[in-house]
Structure formats: structure tokens, C-alpha cells
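Computed from the coordinates by the stated procedures, all read-outs in this text should not be read as laboratory data. Since we're looking at a predicted model, the values are computed, not measured. All Cβ positions, glycine included, derive from the backbone under ideal geometry; neighbour counts span all protein chains shown.
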Amino acid sequence: MVNWKVVHYLSYIAVLFFALEPSYIHPDEHFQSLEVLTHQLLNYSTNIPWEFDPASPSRSISLLYLVYGPLLWLNKHWLHFRPLALMYMARLQLVTTYFITVQIATSILCETKQEVSKTLFFIFTSYITWTYQSHTFSNSIETQVLLLTLCLIHLLRQSEKSKVKYPHYRVSLLMGALIAIVTSLVLIYFDTVLFQSDEYVITPLNNLIYNSQVENLARHGLHPRYTHILVNLPQIIGPAIIPFFFRNHYKASIPYLSIFSGLLFLSIVPHQELRFLTPLVPLICICIDFTNFETPRFVELIMTLWCIFNIALGIVMGSLHQRGVIESLDQLYKTGYHGSQVWWRTYSPPTWLLGNEDLTIATQVPPYEFGDLLIDLMGCEVDQLVSTLAQLQDTLLITPRSSLPLLESIDNEHLNLELVWSYKWHLDMDHFDISDLRTFHPGIDIYKVVYGI
């Protein structure tokens, strides 16, 4: 028999372990947080995404100041950590506040101590907690806000059931509405100031307008409207999907209703990514129900499969996935590299990790003089890569080892690639080619490129 208490305690160590692993799950974990704020507060040269375009911003920069601003201020004036260490500090901050939020939420939303223990076990043995929740996604912050909001709703419902006079309940609703309005006005004011706009900046409205147009969503990828329910939900809870759906007695609870209202709302929009469901994970863990399972052996089987499922995905997403991108950036920072660098067939490099205040960032060679230059070629064809390298002198090429067959196919006697640094624990899952098994090889390489006779 497995000692599940020991597994539970070990899960807290797993949270810290994966928070301090340099995996790179999705570009938005950087480009909707520290890529933006380090430019504002540390004057780093970064690649500011379209969501923070002052012309029509669709994300609040005030919230970033509120969450990460104090840490960046401390780092600028006191701590002086290198960028990678700063990333880890931001993750540890999220883990700490999430731990506190979950403790508060479970004590309010769960009815018994046994339910609290069960919920905490599933939350902290979930790879979503280890990986997505500990990374600097906006969804990580949304999870904590959602939990606290549902706690307030639950407390209001409890006060109504406890036969408190109706006027008191009405006053609490008015107070809640007043606080929400004041908070919104404060955020609108600071967003307007920080974006230096001549008009009031209401980022949720801009976001709604943008996402209501399918042609805009098509730029980021369109998905069938069943993707969240049939694809993403099974990916986040794995074998726990059985006790979640089978004879569940939580169906009238606030967490359960919130899960399905959230799924319904998110499924309306035809752009559906797994990370959008991150805020639902702690609610799902509350609603996992084993009370109607008659055989303890089946419960033991589900929990064992749950642990295997999460350990496997935790290692893939929390440790290996696109890890070499972060390690390569840190290597360039530590060596103090200055010059041109070309990134090819990787996730977009979060340039804030270079800590460079004089970096030009582009997707092609700019038609003007530049100093330090970073070109992100993404997944372009080999011909475009060769054309780009031909316009540069003594540059670095950073590319995953899965690109080796394409590099060998380059027919140009004047292009010389010298391997100067290599890292083997990089998992590139976007360029597999069954016709050449070398594309399955993990790793990332940095080449010195010399183009000439």
C-alpha cells in the first residue's frame, strides 16, 4: 500500500523543484509579464507584444506593476540578481502566494477536514500546479483571484442561509459592488497614466473587442469549440476525470458550477489553449469525489495512475520542454556576449533574460546600423536562414539539435558553422519528422557563423 501522506508531503518539494527548473512552457509566460515590465522598470531592451501596444492595449500593465513591481524594484536597488535568478524569484513569489491562497480557499470552500486534505493532495500533486501555476502566466494570477472571489461568494451565501436579515445581505452586496467599481477605476486611471494615453484605457473592453473578431483570433490559431472539453480537460486532470464525472455529489456546489460555467464561457471563443483552464484546476480538485466508489482497490488504482500521469507530464513540461532556450540566454548573459545572434526553430527567446539595454530585436536584418542584434526567425525555411546569415558577419546561430538534418542540407560552400556551445536537456516537440529520427534528438546548439571564403 502506498503511504499517501508521504506522497502529499513530497508534492510540496516537487512544487519547489519544478519552480526552479528552466523549462519554457509557452511564450506568454514571459511576453505577458516580465518581458514587458523589465523594459519599464529595468530599462532592458525587450520585445513588447501587441497586447501592450499603447495605441490599443488589451492587457492591464497596472496589474503587472502590482504583482511583480516590488520584486523588480528590490532587484534594481538591492538584490542585483542576474535575470535568470530574477525569473526564479518571481516564480517562488507566485508559489508562495498560491500556497497561502489555496490554504484559505480550501478552509472556506471545503466542508470537512477530510475534504480539505483530499483537495490539498490533488492540488499539490498536480503537474499543473508544479508547472503552469508556478510560471509567470497571467493565468497563474487569475487562479488566485478566482479562488478568493469564490470564497467571498461562498461566505455571502452562508450568511444568507444563516438567517441574517436581508438588509445586511444587501449591504454586503452593495459594498462588494462599490469595491469592484473603485478597483476598476483605479486600474483604469493607472493604465491610462502608464500607457501615456490621451484617452481612458479600459483594457478588458479592448480585449473583448479584439477577441470578438474571428479574423483576429485566426492569427493565434483557431480550434474547434469542443477542444477545451474533449482535449484540454483530459490533459490537465488525466485519470481523475473518472471520479470528477462519475456520480459526483458536488454538482450543486459553487466550485462545480463555476467549473462548468467557466468551460462554457471559454468554449464560446474558438481560440482554446490548455493554459486557459489553469484557474479551474483547484476547483476540479475540490470536486473529485470518491464517495460512491465501493472498492478501495479502484480508488488506489486511480490515485496511483494520477501520480504516474503527473510525474510524467511534470518532467516533460516542467523540466525539459524548450529548456535550452532559457539556458542559452543565460549562457549568453554570463559570457557577456555582444554582437548578432540568430534564433531559428525555437520558441521566441524572452530577450529580457539577456539583461541588455542596447539590443535591437527584429525578425529580419534591419536596413540601418545596429549594435547588438537579435533576429528571431522562428520556423522559417532554410533559404531564408541562409539569406539572413549572408547579411551578417561573425554572428551566432542558436537552434535545436532537431534542426541538424536541415543544416546539413545547406548547399553553400561559403557558410561555415562552428559549434561553440551545446546543451543536451532541451526537448523540442514541434519539429519531429518520422523520416529522419535525428529530429527526435534532444538538445540545443550555439554555432559561430562565418560567411565568406
Using a basic spin-label model with each label point 7 Å from the Cα along Cα→Cβ, how many nm lie between T304 and R219? 5.1 nm
One finds, for S184 and L16 with R0 = 30 angstrom and r their Cβ-Cβ distance, a FRET efficiency to the nearest 0.05 of 0.30
Which of (1) 25.8; (2) 22.1; (3) 29.1 is the computed mean projected area of the Cα convex hull in nm² for the structure on display? (1)
Lys/Arg +1, Asp/Glu -1 at C-beta; region 312-381 dipole; positive extreme among H338, L359, A312: A312
Run the paramagnetic zone check for L148: 7 angstrom along Cα to Cβ, then residues of region 276-300 with backbone nitrogen under 19 Å. 278-283
Once both labels are modelled 7 Å past Cα along the beta-carbon direction, what's the N43-I311 spacing in nm? 5.0 nm
Tally of Lys pairs whose C-alpha atoms are under 20 Å apart, taken over region 4-320, 8 or more apart or cross-chain: 5
Computed, not fitted: 222 nm per-residue ellipticity of the chain from DSSP H runs ≥ 4 (each -39500 (n - 2.57)), nearest 500, equal to -16000 deg cm²/dmol
